[in-house]
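J.: One structure coming up, written as structure tokens, with questions to follow.
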Amino acid sequence: MEHYNIVKTLVLTGYGLNCDNETAYAFELAGAKVTRVHINSLIDGSASLDDFKIMVFGGGFSWGDDHGAGVIQAVRMKTNTGESILEFIEKGNLVLGICNGFQTLVNLGLLPGFDNDYKKRSVAITFNDCGRFRNDWVHLKVNQKSNCIFTKGLDKLQFPVRHGEGKFYSDSQTIERLIKNNQVAVRYAMDDGNPAEGRFPFNPNGSLYDIAGICDPTGRIFGMMPHPEALNHFTNHPHWTRIKEKAKREKDDFDSGPTIGISIFKNAVDFIRST
Amino acid sequence: MPHRLEIALKPELFDAVGEGVRQKAKHYFGVELDEVRTVNVVTIDADLSDDQLKTIQDEIFTNPVTEVSSFAPLDIDFDWIIWVGYRPGVRDNPGSTAIEAIEDILGIKLAKGEAVYTSRRYCVKGSSLTAKDADKIAGELLANDIIQQIKIFAKNGWDSKRGIGYIIPKVKLDHTPTVVSIPIDSDASLQKVSDDRNLALNPNDIPTIRAYFLDKDVRAARKKVDLSDPTDIELEYISQARSDHCNHNTFRGLFNYLDLETGKKEVADNLFKTCIEAPTLALKEEKNWVVSVLWDNAGAGRFDNDHYYVITGETHNSPSNMEAYGGAITGIVGVYRDPLGTGKGSKLVMGSFGYCVGPRDYNGDLKPHLHPRRLLDGVIEGVRDGGNKSGIPTTFGQVLFHPCYLGKCLVFVTAVGIMPAFIDREPAEKKKTSPGDLVIMCGGRVGKDGIHGVTASSETFSEDTPAGHVQIGDPYTQKKMHDFLLEARDEGLIRFITDNGGGGLSSSVGESARFSGGCEIELEKVPLKYEGLDQWEIWVSESQERMTVAVGQQDLDRFLELSKKHAVESTVIGKYTDSGKLHIKYSGKTCAYVDIDLLESGFPQWEFDAQWLSPETRGLFEPVLGAPVDYESLLKSLLSRPNICSKEWIYRQYDHEVQGSSVIKPLVGQDRDVNSDAAVIRPVLGSQKGLAFAQALLPTYSAIDAFHMTSCSIDEAVRRIVAVGGNPDHIGGVDNFCWPNIGYHPEKNPDGRFKAAQLVRSCRALRETCIAYQIPLLSGKDSMYVDGHIPGRYGQTHKVSALETLQFSTISVIDDIKKCITMDSKMPGDLVYILGVTHNELGGSEYYEHLEYIGLNVPHVQAKTFKELYRALSHAMDKELVASAHGIYSGGLGVHLAMVAMGGNLGMQIDLGQVPVVNVDRNDTILFSESAGRFIVTIAPENREPFEKILSGHACSCIGTVTDKADFIIDGFDDKVLINIPVKELKDAWKKPFGGL
């Protein structure tokens, strides 16, 4: 029997994507019912977006990141899935892109989605200024004025970045517009929550305006470079042994419940349930 | 007519790749460049219309926000232009994905022979840059002539319309595949053929081979399939299978061991059997968690009732030494196929690396093919791209610098996987082929890659012969195959699976056919990268990213359907039989027909003379050293030593958190910058259980005695596991031997007998220590020829042999990851303990090496005593009485106290007078002795009583406290302050050497 509030979520797999298992796991912890769907299954029709409420473009190295991260994945989907993704969005569903998925969303044009145009590539995510792949934890600050569904009620976050091409780039007008629209949902920050202001390694890639993630004007399409699914358990946090020891000394209960990473996914699930 | 698209970042964008080149030119050669801009070149050798070209230019190859592109040369300012492209036949990964994208967006298939090639043009600005500088940057930084070709243009030599021209690195062999029959009328004639064809047959094997093919019954059977003398493909098959790489002839050899001091003679018959197999099988009986060992591509242990973990380790030394990036990426991607080919297939969950290279700043007279700095950079990047693009976290790694690796570097790669315990209610670790099963090759195609390994490197290049001996791994193709095969496994479609590594199909089909008792292969069905390969080449090619799978006839359609879904090529190339024969046909005609069990009997055992001279008889001694006065400088100098200092720049390039399973990361502590003792992952996301993993490398101890090198390496790898909360009663081991040639030759290898004795001693230590610690050897490999001949100042060559090296890996299951521990000090006021006894054991230490001595007193392992201590510590950790734990490794107590303090960014007040010692009365000995079996532990003061109670009866002493003020203070024996220095100053010294990288 299908319960009325089951939130069906699709996580893309295949062609070098590699965060599909933990992303599916994180969404399950958040209460969703998740299916991992191969890109080709969407294309050949053996899976249909009609069955889902949330679509996730996850992390990985689709097509080896050759010719620009996310570029060939965007080409393949644009060429072969027709209008189905746009229809999916029009229905009020949610789309999340993480890392390689974020790169794909901007190459598809689903982000930033100015003026209801979900096909135009007007921002880019390009090579890190440091010149190479980097795995490190970063502090993030959520824009409280943004209507991004995924970051609602959250303020300061910590997740790992793991990318070679994460520098958010566009012309100054576009950046201005993103800021003005409050589409800049998360920014790289110092540990006190103030913007990183380009300082390495707090801003790990040289992103303009410390942009770590943006949403479309509706707040329902969201892409970010850091990996919330990599904080699916408290032992994922780089300081967890320190936090645990401190809590023990202060006789505090050590919070081993759902992590802040899961909150991102739970926001999405809750939104679908409420609509 | 080919088309050449040039793509560059818009001028206002920062060119990180170009800047990287500028930096390296400065750091490598001291050449100052003003700017480097890069142009990516995509050469499309295909018949496309203008509209089609415009579409792919706009939609695939040009980012409208950041890039400009043109089918004519882009106009970018330069003083010199350096163009770098691949040689024919070298794997061009972006070229292949470009074809996929082009075919997709245009809805076409490129015609046979059409292709896309990628290359790069560097526009270099530097007013004082000479032609010589440009040559150097091209040849020693941007390109390796083994796999790449270069063109250099000065300002006046550049035609802005013609650009670089149209360079198509297409393989043209123009050769009709031919099977050759080899005459075997005498041993000498077969030996000559072996030499001429690079077969590398062992002279001792030749009579056995001849006897087989001259046998009356064999000849009669062969006659029925139109064969008489052996064919080239048959001899290639035998040569591959009998090679030391595949057959481990050295470890299975007979060693006549002579102690030259005592005159005592001993025979060590088959080190593999006596020192590896026997103890492991005995332990398998005792330890019910040992699931599968000694026969498959990797060993397996029980993770929980529903899952087994699998582990194996490999080296990829010779190829990495020639082409660092290509060798290393091929190595890591290759080792990842081992767990995939274990049981009915395992999912990859973790990888690790170990690099042994010459000093990064080497400036001596020897000229290795690649300078250690460039070699290390290439190796780091190869493993990075291979691991990251495979989606497998690289959670642990070590780097060791020593001049003995100038001759040949070592690149260790280790892989851990996980499999369900059962598939379709059948045990997942078991597999077999049966008559009628189909032989399927999945993944990449076959080219001239890796044929005869590196021996081919001495061949001269012509313009369009493939550079086959050095490969570039393709993690993208393999990741698709990995996902596909696991899905096929879960549907119960796989009966047998193994990888195509060394020996290619020859080895994978040959070995899998032994289960059914034969096979019949139709070689013309094997998909090729290009035409013109001889049959024997198809059979032994080591082209990467391929697996051989046995599938039942009734499952074929579903298997191929899944293969198509995952965009993976799978081809039926024959079937398994019970004919007793390896039967290979090419277009219907038999080209090989040999008994499947030919290789199992009749071949002579290899024999070695081993002669041991004790360190004392070799003239080693303890140096006569007065006690130091300035301990602060000394400690900082040790922290800055290449083998101790921070290598954060490497770890940060490796994705160590993909799969969401990270529990203990490679770098830990307040600033996430100090190395953890071991890695811990949670490979089954819903489980509280974890896998702990660690490795150790201590080759400098071999300069004294490889016996103690071995036992100390094992002990270190065990302590690393215990330090993070691993279970000392569940530790699996992996031995990776890298040894110089042990075959004695009066001129070519005059000390071969000593190196052979070191191997015998090492294996004995392996057996003793593993039995004492109860470590079954889940997997292991050997690489026996770590020697290089490199030119010196006058063109004379020097043989440089590596120190006898063993990388030992340990793995353990953790019941509750919440109890894991990191090494950083946690809270001010905590008590600092040392566990274990410090002896006068500075031989082979970092301290002695720093002062340019070797010494004599190499650390000894008392495994039985140590193990009880480890159990006690583990018990205390299980009771959550421990705040931090850290083993004392290279560099000794002083260095590792500093690590604990640097991890916590907290101070320490230590009294050396409290350290348990035996026969030690000097501060420098206590601080820098590398005695095994020791830990530094910090605990909350309120845990003192229960902690000491658990540790009672063991060497355990409180030696100080963690302090809030971040000063590192050590009082010596005589209660005088030896060291009083801010922790930050120590950290700066530790980070300085490679901090700018």
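J.: Given H placed on each backbone N at 1.01 Å, which residues far from residue B:611 in sequence or on other chains put an amide H within less than 5 Å of it?
T.: For residue B:611, whose amide H was placed from the backbone, the distant partners under 5 Å are B:258, B:754, B:756, B:757.
J.: Let me ask you something else. Give the Cα extents of the range B:3-157 along the principal axes, in whole Å, largest first.
T.: That works out to 50, 35, 27 Å along the principal axes.
J.: Rounded to the nearest 20 Debye, what is the dipole magnitude of the protein assembly as shown about its Cα centre when Lys and Arg each give +1 and Asp and Glu each give -1 at the C-beta?
T.: I would put it at about 1040 debye.
J.: I would also like to ask the following. With a 10 Å Cβ neighbour count serving as the proxy for reagent exposure, in which order, fewest first, do A:200, B:603 appear?
T.: Least to most surrounded, the residues fall as A:200, B:603.
J.: Here is a further query. Taking amide H positions as placed in the peptide plane 1.01 Å from N, state which residues far from residue B:529 in sequence (5 or more) or on other chains have amide H under 5 Å from it.
T.: B:446, B:447
J.: Let me ask something additional. Dipole of the protein assembly as shown (Lys/Arg Cβ +1, Asp/Glu Cβ -1, origin at the Cα centre): which of B:827, B:860, B:954 lies farthest to the positive side?
T.: Value computed over the given set: B:827.
J.: A follow-up question, please. Starting from the Cα of residue A:119, draw a straight line to each of the aspartates and glutamates and keep only those under 19 Å, dropping any in the same chain fewer than 8 residues away.
T.: Residue A:119 reaches A:83, A:87, A:90, A:171, A:216, B:58, B:59, B:67, B:104.
J.: Here's a follow-up. Tell me what chain B gives for mean residue ellipticity at 222 nm when only DSSP H runs of n ≥ 4 count, each as -39,500 (n - 2.57), the sum divided by the residue total, rounded to 500 deg cm²/dmol.
T.: Values: 28 runs with 291 residues, N = 997.
About -8500 deg cm²/dmol.
J.: Once the range B:187-247 is represented by equal point scatterers at the alpha-carbon sites, with solvent omitted, what log10 I(q)/I(0) does the Debye formula produce at q = 0.24, 0.26 Å⁻¹?
T.: Once normalised to I(0) and log-transformed, intensities are -1.04, -1.15.
J.: How do A:137, B:295, B:649 rank when sorted from fewest to most other Cβ atoms within 10 Å of their own Cβ?
T.: Starting with the residue having the fewest Cβ neighbours, the order is B:295, B:649, A:137.
J.: Also: Averaging sequence separations of C-alpha pairs under 8 Å and six or more residues apart, then dividing by the length of the range B:823-997, give the relative contact order as a whole percent.
T.: That works out to 37 percent.
J.: Moving on to the next point. Among B:309, A:140, B:363, which residue has its Cα furthest toward the positive end of the charge dipole of the protein assembly as shown, with +1 on Lys/Arg Cβ and -1 on Asp/Glu Cβ?
T.: A:140
J.: Assigning unit charges at the beta carbon (Lys, Arg +1; Asp, Glu -1) and nothing else, what dipole magnitude in debye, to the nearest 20, does chain B show about its Cα centre?
T.: Charge dipole of chain B: 440 debye, to the nearest 20.
J.: How long are the three semi-axes of the equivalent ellipsoid of the protein assembly as shown, in whole Å, if each is the root of 5 times an eigenvalue of the C-alpha gyration tensor, listed from largest down? Kindly include the intermediate steps, with their values, before the conclusion.
T.: Details: eigenvalues 375, 357, 194 Å².
Three semi-axes, in Å: 43, 42, 31.
J.: What is the total of Lys pairs in the range B:76-169 with C-alpha atoms under 22 Å apart, excluding same-chain pairs fewer than 8 positions apart?
T.: Taking the range B:76-169 as the scope, the lysine pair count is 9.
J.: Please give the average number of partner chain Cβ atoms lying within 10 Å of the Cβ of each residue in A:15-23, rounded to a whole number.
T.: Per residue, the average neighbour count from other chains is 6.
J.: Only Cα pairs under 8 Å and at least 6 apart count here; give the relative contact order of chain B as a rounded whole percent.
T.: Dividing the mean separation by the residue count of chain B yields 11 percent.
J.: Among B:981, B:664, B:544, whose Cα projects farthest towards the positive end of the dipole of chain B, with charges put on the beta-carbon of Lys, Arg (+1) and Asp, Glu (-1)?
T.: Toward the positive end, the furthest listed residue is B:544.
J.: In Å, what Rg and Dmax follow from the Cα atoms of the range B:35-90?
T.: Looking at the range B:35-90, its Cα Rg and Dmax stand at 13.4, 37 Å.
J.: P(r) tail for the range A:8-274, what percent of Cα pairs lie past 34 Å?
T.: Tail of P(r) above 34 Å: 12 percent of Cα pairs.
J.: Further, regarding this structure: Please grab the % of Cα pairs in the range B:823-997 that end up more than 21 Å from each other. Write down the numbers at each step before the final one.
T.: Working: 7199 of 15225 pairs.
I get 47 percent for the Cα pairs in the range B:823-997 exceeding 21 Å.
J.: Counting other beta carbons within 10 Å of each Cβ, put A:76, B:934 in order, fewest first.
T.: Going from sparsest to densest Cβ surroundings: A:76, B:934.
J.: Continuing with this model, one more query. How large is the dipole of chain A about the Cα centre if only Lys and Arg carry +1 and Asp and Glu carry -1, each at its Cβ, rounded to the nearest 20 debye?
T.: Numbers: 31 positive and 32 negative charges, 78 e Å.
In debye, rounded to 20, chain A gives about 380.
J.: Moving on. Work out how much length residue B:252 to residue B:221 would gain on full extension: take 0.36 nm times their residue separation and subtract the Cα-Cα distance, in nm to one decimal. Could the numbers behind the result be given before it?
T.: Working: separation 31, 0.36 × 31 = 11.16 nm, distance 3.20 nm.
Gain in length upon complete extension: 8.0 nm.
J.: Which log10 I(q)/I(0) values does the range A:167-262 give at q = 0.10, 0.16, 0.25 Å⁻¹ under the Debye formula, counting every alpha carbon as one identical point scatterer?
T.: For the range A:167-262 at q = 0.10, 0.16, 0.25 Å⁻¹, log10 I(q)/I(0) is -0.37, -0.80, -1.27.
J.: Quick one: angle between helix B:16-29 and the longest Cα principal axis of chain B, in degrees between 0 and 90, rounded to 10, please.
T.: Around 70 degrees separate the two axes.
J.: Which far-off residues, 5 or more places away or on another chain, put their amide H under 5 Å from the one on residue B:497, with H placed in the peptide plane?
T.: Hits under the 5 Å cutoff: B:550.
J.: For Cα pairs less than 8 Å apart in space and 6+ apart in sequence, what is the mean separation divided by the residue count of the range A:8-274, i.e. the relative contact order in percent?
T.: In percent, rounded to a whole number, it is 19.
J.: For residue B:864, list the aspartates and glutamates whose Cα falls under 15 Å from its own Cα; do not include residues on the same chain fewer than 8 positions away.
T.: Reachable aspartates and glutamates: B:715, B:716, B:729, B:768.
J.: Got a sec to turn the phi values of the range A:204-221 into Karplus ³J(HN,Hα) couplings, 6.51 cos²θ - 1.76 cosθ + 1.60 with θ = phi - 60°, whole Hz, x for Gly and Pro?
T.: x, 9, x, 3, 5, 6, 6, 6, 9, x, 10, 10, 7, x, 7, x, 9, 10
J.: For the range B:531-597 and the range B:948-979, compute the distance between their C-alpha centroids and round to whole Å.
T.: Taking the Cα centre of the range B:948-979 as reference, the centre of the range B:531-597 is 65 Å away.
J.: Could you state the number of Å between the C-alpha centres of the range B:266-303 and the range B:95-153?
T.: 48
J.: For residue B:216, give me every one of the aspartates and glutamates with a C-alpha distance below 16 angstrom, ignoring sequence neighbours fewer than eight places off in its own chain.
T.: Cα-Cα hits under 16 Å: B:185, B:226, B:229, B:595.
J.: Cα centroids of the range A:104-175 and the range B:841-861: how far apart, whole angstrom?
T.: 52
J.: Using a/c under 1.5 as the rounded threshold, could you call the range B:520-586 rounded, prolate or oblate? The axes a ≥ b ≥ c are square roots of the C-alpha gyration tensor eigenvalues, and prolate needs a/b larger than b/c, oblate otherwise.
T.: The shape class here is oblate.
J.: Given the Cα atoms of chain B, and with Rh set as the inverse mean 1/r over their pairs in the Kirkwood sense, what is Rg to Rh to two decimals?
T.: 0.97
J.: Evaluated at 37 °C with a viscosity of 0.692 mPa s, what Stokes-Einstein diffusion coefficient in µm²/s does the range B:735-865 have when Rh comes from the Kirkwood expression over alpha-carbon pairs?
T.: The Stokes-Einstein estimate is 173 µm²/s.
Bear in mind that the values in this text are calculations on the coordinates, not laboratory data. The shown structure was predicted, so the numbers you read here are calculated from the model rather than taken from an experiment. Virtual Cβ from ideal backbone geometry, glycine too; neighbours counted across all protein chains shown.
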